[in-house]
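Report on the following structure.
Read the figures in this text as sums done on the coordinates, not as results from a lab. Owing to the predicted nature of the structure, the values given are computational and were not obtained by experimental measurement. Here Cβ is always computed from backbone atoms with ideal geometry, including for glycine, and neighbour counts include all displayed protein chains.
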Amino acid sequence: MGRNQKGQGRRMKRRENLMGYLFASPWLMGFFIFTLYPMCSSLYYSFTNYNTLKAPKWIGLRNYQIMFTSDPLFWKSIWNTVYYAVLSVPLGIAMGVLIALLLNRKVRGMRFFRTIFYLPTVVSSVAVSLLWMWILEPNFGLLNTFLGRIGIIGPGWLTDPAWSKNSLILMSLWSVGGGMLIYLAALQDVPESLYEAATIDGAGAFKKFFKITLPMITPTLFYNLITGVIGGLQVFSQAFIMTNGGPSYSTYFYGYHLYNKAFSEYQMGYASALAWVLLVMTLLLSLIIFKTSDKWVYYEGK
């Protein structure tokens, strides 16, 4: 009798496992076909000379050697991308927290203002780029027209190499609504009892922010920092639509360089190598942030 029960238990467990795999099979098939296989293929192509018209030819580390020693646009794109990420990510985080603080008020009509600030994040990047091309147009754009009304001669923005990257960084603040929504949720999760105790102790608004609010939302800051760095290193559509990598390669980002090599010059092998270098850079930066998070991220109850 015991053996029969054990056999039935094993058959039932196998049946449950089979049902689980069947329910998960659509995701598993999508992962293997559309994620794992392309990644493995890309890794193989990065060691080949491949132009999509002829069969790939194995060349070993030649693509990586050319990348680091004979491709000046590689280093230019690295510099432009790092410059963009280093400035846009902290600015986006600071602006998101500031807006979340302003919208974390119990006043009439606040839901409407929250919706208004979040709406730009659902607009497509193409539409946003076209809108900002009109705003930043140096001759009749909205921004320079406004500056002219107050006696300031506006710069060339997208047409001036000294201003082009900063213009795209300014434009990136348009989409802080997504981060703002996450910060708003984190702010509303801070216990009111902490603020009440701080008020009794005579703490002011600034002390409450730096001693209570900021430490309590550090897990959210950590999450948005990781996603912001990943997104900043992959910046592409703005430069592709608005500046075409110019002027003078000032907005020639890493993603744009990868795109040119893959779809303009049809150097798929070299583009695959660029993609894997970007992956390694992203992993290293993410690992550094994770390793240093213990020093500034506070988890309640830890």
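With neighbour counts taken as other beta-carbon atoms within 10 Å, the residues 95, 110 rank, fewest first, as 110, 95.
Kindly rank 118-129, 248-259, 145-156 from highest to lowest mean number of other beta carbons found within 10 Å of each residue. Intermediate results must be reported in sequence, preceding the final value.
Working: 118-129: 13.4, 248-259: 22.2, 145-156: 11.7.
Highest mean packing first, the order is 248-259, 118-129, 145-156.
Based on other C-beta atoms within 10 Å, arrange 10, 62, 108, 114 from fewest to most. Working shown, then result.
Numbers: 10 10, 62 15, 108 7, 114 18.
Ordered from fewest to most neighbouring Cβ atoms within 10 Å, 10, 62, 108, 114 come out as 108, 10, 62, 114.
Peptide packing: for 66-73, 277-284, the average count of neighbouring Cβ atoms within 10 Å per residue gives the ranking 277-284, 66-73, highest mean first. The residues 163, 296, when put in order of fewest to most other Cβ atoms within 10 Å, stand as 296, 163. Here the Kirkwood formula puts the hydrodynamic radius of the chain at 23.4 Å, using every distinct Cα pair.
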